[in-house]
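Asker: Handing you this structure, nothing more for now.
Please treat every number below as a calculation from the coordinates, not as lab data. Remember, it's a predicted structure, so these values are computed and weren't measured experimentally. Cβ sites come from the backbone with ideal geometry, for glycine too, and all protein chains shown count toward neighbours.
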Amino acid sequence: MAEDTLLGGQLDTDSAQDGNQPEVEQQSTSDTATTEETASTPAPTVPEQYDFSEAVGDQLDAETAASFSDVLKSVGATQEQASAIAKYGVGYAQQIANQAVQYQEEQAAQQSQEWAETTRKELGASFDDTIAQCGTAVEYLERVVPNIREILNENGLGNRVEVVRAFAKIGQLVSEDRGHDTNGLGSAQTAADILYGGNK
């Protein structure tokens, strides 16, 4: 006689039910334990108002702090979580700001160098004489504008050909007015040093 197959044999329903019963009871016990554990765990406390002073000091203004608080409350963040997020956010924003400043400075330096190269090219053979006349103007204007060199060097303004030509014209007028020539500026300094303070 052929043996019964798994699907063709006589199913012992009593044994199947008896065998499954403990598993059902075990699962029920497990669910009860999980429910009790969940009930005993306190829900996260969401404060009425978040305090960011300890995390970021006064780097958040009132309006930004209020908007940020609304977002944090909507996700049920605790004070501890809010402080951690605020600290990270402010630090990241500062990093981006520093990178932006560095980029602007690099761009300004590159622009200043390009202006200087353009000025040399446009003035050609008259570059040295023109810069000497500029030196006379700077020396004269320094009496009334003591930080004139800083102004010219700060943003590369002193490298623009338009500014160089304007200062050269002023230097020429000053020399003609008082009979002063650039040779009186002293041989220890070149005219370019006088105009740019050695930062050509």
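Asker: Run the quick spin-label model on GLN102 and GLU142: label points 7 Å from Cα toward the beta carbon, then report their separation in nm to one decimal.
Answerer: It is 3.5 nm.
Asker: Moving on. Fewest Cβ neighbours within 10 Å first, please rank TYR92, TYR50, TYR140 accordingly. Please report the intermediate quantities before stating the final value.
Answerer: Numbers: TYR92 10, TYR50 24, TYR140 20.
In increasing order of surrounding Cβ atoms, one gets TYR92, TYR140, TYR50.
Asker: Here's something else I'd like to know. What full-extension length gain, to one decimal in nm, is calculated for GLN49 and GLN81 as 0.36 nm per residue of separation minus the Cα-Cα distance? Mind showing how you got there, number by number?
Answerer: Numbers: separation 32, 0.36 × 32 = 11.52 nm, distance 1.32 nm.
My answer for the length gained is 10.2 nm.
Asker: Report the net charge of residues surrounding ALA82, where surrounding means a beta-carbon distance below 15 angstrom and charges are Lys +1, Arg +1, Asp -1, Glu -1. Write down the numbers at each step before the final one.
Answerer: Values: positive: LYS73, LYS87; negative: GLU48, ASP51, GLU54, ASP70, GLU80.
Result for the neighbourhood of ALA82: -3.
Asker: Still on this structure: I'd like the FRET efficiency for LYS73 and GLN95, computed as 1/(1 + (r/R0)^6) with the beta carbon distance as r and R0 of 22 Å, rounded to 0.05.
Answerer: Working: r = 27 Å, r/R0 = 1.22.
Between LYS73 and GLN95 the formula returns 0.25.
Asker: Quick one: ARG149, ARG165, fewest Cβ neighbours within 10 Å first, how do they rank? If you can, show how the numbers build up before the last one.
Answerer: Values: ARG149 19, ARG165 16.
Arranged by neighbour count, lowest to highest, ARG149, ARG165 become ARG165, ARG149.
Asker: If the convex hull of the alpha-carbon atoms of the stretch 131-171 is projected onto planes in all directions, what is the mean projected area in square nanometres?
Answerer: On the way: hull surface 9.6 nm².
In nm², the orientation-averaged hull projection of the stretch 131-171 is 2.4.
Asker: If you filter the stretch 78-148 for GluC sites (Glu not before Pro), then keep DSSP loop positions with at most 14 other Cβ within 10 Å, what is left? All intermediate terms of the calculation are to be shown ahead of the outcome.
Answerer: Values: sites: GLU80, GLU105, GLU106, GLU114, GLU117, GLU122, GLU139, GLU142; in loops: GLU142.
Hits after loop and neighbour filter: GLU142.
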